[in-house]
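Q: Dumping the structure here so I can ask a few things about it.
What follows draws every value from the coordinates through simple rules; no lab data is involved. Since the model is a prediction, treat every value here as computed from it, not as a measurement. Every residue, glycine among them, receives a Cβ derived from its backbone with ideal geometry; neighbour counts consider all protein chains shown.
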Amino acid sequence: MPLVLIILIVALIVMFYRFKTTSLTRNCRWREDRAEACWRCAFCGARQEGAAVPKRCLQR
Ligand SMILES: [Zn+2]
């Protein structure tokens, strides 16, 4: 079944590409700054106010 093999390889490539892009661009390391009541990204230095954890990077 070569078709199944091709689908499997394509799926693996897509997953790898997604993992790479998300880990490079979207994974900020948000840390809560309780003194200033905001979240600060230790990776790029972005700041966001609010109680919820920011989900993506603001400066990339
Ligand atoms: Zn960031």
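Q: Tabulate in residue order the Karplus-calculated ³J(HN,Hα) for segment 36-43, using 6.51 cos²θ - 1.76 cosθ + 1.60 with θ = phi - 60°, rounded to whole Hz; enter x for Gly and Pro.
A: Per-residue couplings from phi come out as 10, 6, 8, 9, 10, 7, 6, 8 Hz.
Q: When Lys and Arg each count +1 and Asp and Glu each count -1, what net charge do the other residues less than 12 Å away from R47, Cβ to Cβ, add up to? Kindly include the intermediate steps, with their values, before the conclusion.
A: On the way: positive: R31, R40; negative: E32, D33, E36, E49.
Neighbour charge sum, excluding R47 itself: -2.
Q: Could you put C41, C57, C28 in order, starting from the residue whose Cβ has the fewest other Cβ atoms within 10 Å?
A: Placing the least packed residue first, the sequence is C57, C41, C28.
Q: Amide H neighbours of A46 under 5 Å, at least 5 residues apart or on other chains, H built in the peptide plane: list them.
A: C41
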